[in-house]
Amino acid sequence: MPLPVVDPGLFPFKGDMRVRFRDTDSQGHLYFANYLVFADEVTGFFMDELGFQSIEPEPCYIFTVNLQIDYIEEIRPNGTVMVSVGYSRLGNSSADVIFVMQNKANGVILARGSFTQVFVDRQTRKSIPIPAAFKNRILEVQSDFLTS
C-alpha cells in the first residue's frame, strides 16, 4: 500500500535528531535502519507528550507489528533530521503512526513511513483496547489529522 503524502507542516508533533558518526554506514550517510530508530524515538516523545507514561496503572505494552518506509534522500554526519509524526488511524486495539523525515538545514524530505502499533496486555500478551485516556488525548490533540 502506498504511503500517504502529507505536508510536514500539518503533523501534530516534531522532534529533531542529530546524525552522529556512529549512526552512519560505510557510505558515509545515515544507515537505513537508523531512519526507523529516529522515527520511533520521536514517536515515543510524542506519546510522552500525550501522557501515555502517566496513565496509572501502567496499562499495557505496545508492539510494533508492521512498518513501512520510503527512502528518498540521504543525510550525512552532523546533519539534523526533523521528524514529524502523528496518528493517522485509531482502531480498537491498534493505531497507525505516520512520519516524515526532513533535513532540517534545507527542508529536503529524507524519508516517509508508518508504524502500526498494537496495544497488548502485559500478562497475557493479547491485544486489548487502546487505553481510553490515551485515545481521548490523541483525539483532543490531533483529531483533524486522523484519516479514519
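The values are calculated or read from the model by the stated rules, or taken from the named source; none is laboratory data. Because the structure is predicted, anything quoted here is derived from the model rather than measured. Counting neighbours? That spans all protein chains shown, and the Cβs are built from the backbone with ideal geometry, glycine included.
Sort out which residues of the range 45-69 are surrounded by fewer than 18 Cβ atoms within 10 Å (Cβ to Cβ) and modelled with pLDDT of 95 or more, and write them in order of number. It would help to see each step written out before you state the result.
Pass one, the range 45-69, residues surrounded by fewer than 18 Cβ atoms within 10 Å (Cβ to Cβ): 45, 48-49, 51, 53-58, 61, 63-68.
Within the range 45-69, PHE45, PHE63, THR64, VAL65, ASN66, LEU67, GLN68 qualify.
Screening the candidates TYR31, TYR71, TYR61 for the property of being in contact (Cβ under 8 Å) with a residue 60 or more places away in the chain, out of contact with any His (no Cβ under 9 Å at 6 or more places or on another chain) and of a type in the set (Phe, Trp, Tyr) yields one hit, TYR61.
Cβ separations smaller than 8 Å between residues 6+ apart or across chains give the following pairs from the range 14-28 residues that are without any contact (Cβ under 8 Å) to a residue 40 or more places away in the chain to residues that are among the hydroxyl-bearing types (Ser, Thr, Tyr) and surrounded by 12 or more Cβ atoms within 10 Å (Cβ to Cβ): ASP25/TYR31. Between VAL81, VAL97, VAL120, the distinction of being over 20 Å from VAL37 (Cα atoms) and touching a Phe, Trp or Tyr at 6+ places or on another chain (Cβ under 7 Å) belongs to VAL120 only. Of all residues assigned to the range 126-148, none qualifies as being in a strand (DSSP E or B), under 22 Å from VAL6 (Cα atoms), touching a residue at least 40 places away in the same chain (Cβ under 8 Å) and not hydrophobic (A, V, I, L, M, F, W, C).
Does GLY86 satisfy being without any contact (Cβ under 8 Å) to a residue 40 or more places away in the chain and either surrounded by 13 or more Cβ atoms within 10 Å (Cβ to Cβ) or closer than 16 Å to LEU36 by Cβ (or both)? Spelling it out, it is not the case that GLY86 is without any contact (Cβ under 8 Å) to a residue 40 or more places away in the chain and either surrounded by 13 or more Cβ atoms within 10 Å (Cβ to Cβ) or closer than 16 Å to LEU36 by Cβ (or both). Answer yes or no: is there a residue in the range 107-120 that is under 21 Å from PHE63 (Cα atoms), touching a residue at least 40 places away in the same chain (Cβ under 8 Å) and not in a strand (DSSP E or B). Checked the range 107-120: no residue is under 21 Å from PHE63 (Cα atoms), touching a residue at least 40 places away in the same chain (Cβ under 8 Å) and not in a strand (DSSP E or B). Give me a count of the residues in the range 100-113 that are buried (at least 19 other Cβ atoms within 10 Å of the Cβ) and over 16 Å from PHE32 (Cβ atoms). Within the range 100-113, residues that are buried (at least 19 other Cβ atoms within 10 Å of the Cβ) and over 16 Å from PHE32 (Cβ atoms) number 2. Inspection of the range 64-75 finds a residue satisfying the criterion of being in contact with a helix residue (DSSP H, G or I) (Cβ under 7 Å, 6 or more places away or on another chain), in a strand (DSSP E or B) and closer than 17 Å to VAL118 by Cα. No other residue among ASP121, ASP96 is acidic (Asp, Glu), closer than 17 Å to THR64 by Cβ and buried (at least 19 other Cβ atoms within 10 Å of the Cβ) apart from ASP96.
So that you can scan it fast, the table gives a plain yes or no per residue for (1) closer than 16 Å to PHE13 by Cβ; (2) touching a Gly at 6+ places or on another chain (Cβ under 6 Å); (3) not β-branched (Val, Ile, Thr):
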site	(1), (2), (3)
TYR71	no, no, yes
VAL83	yes, yes, no
LEU90	yes, no, yes
ASP96	yes, no, yes
PHE99	yes, yes, yes
ARG122	no, no, yes
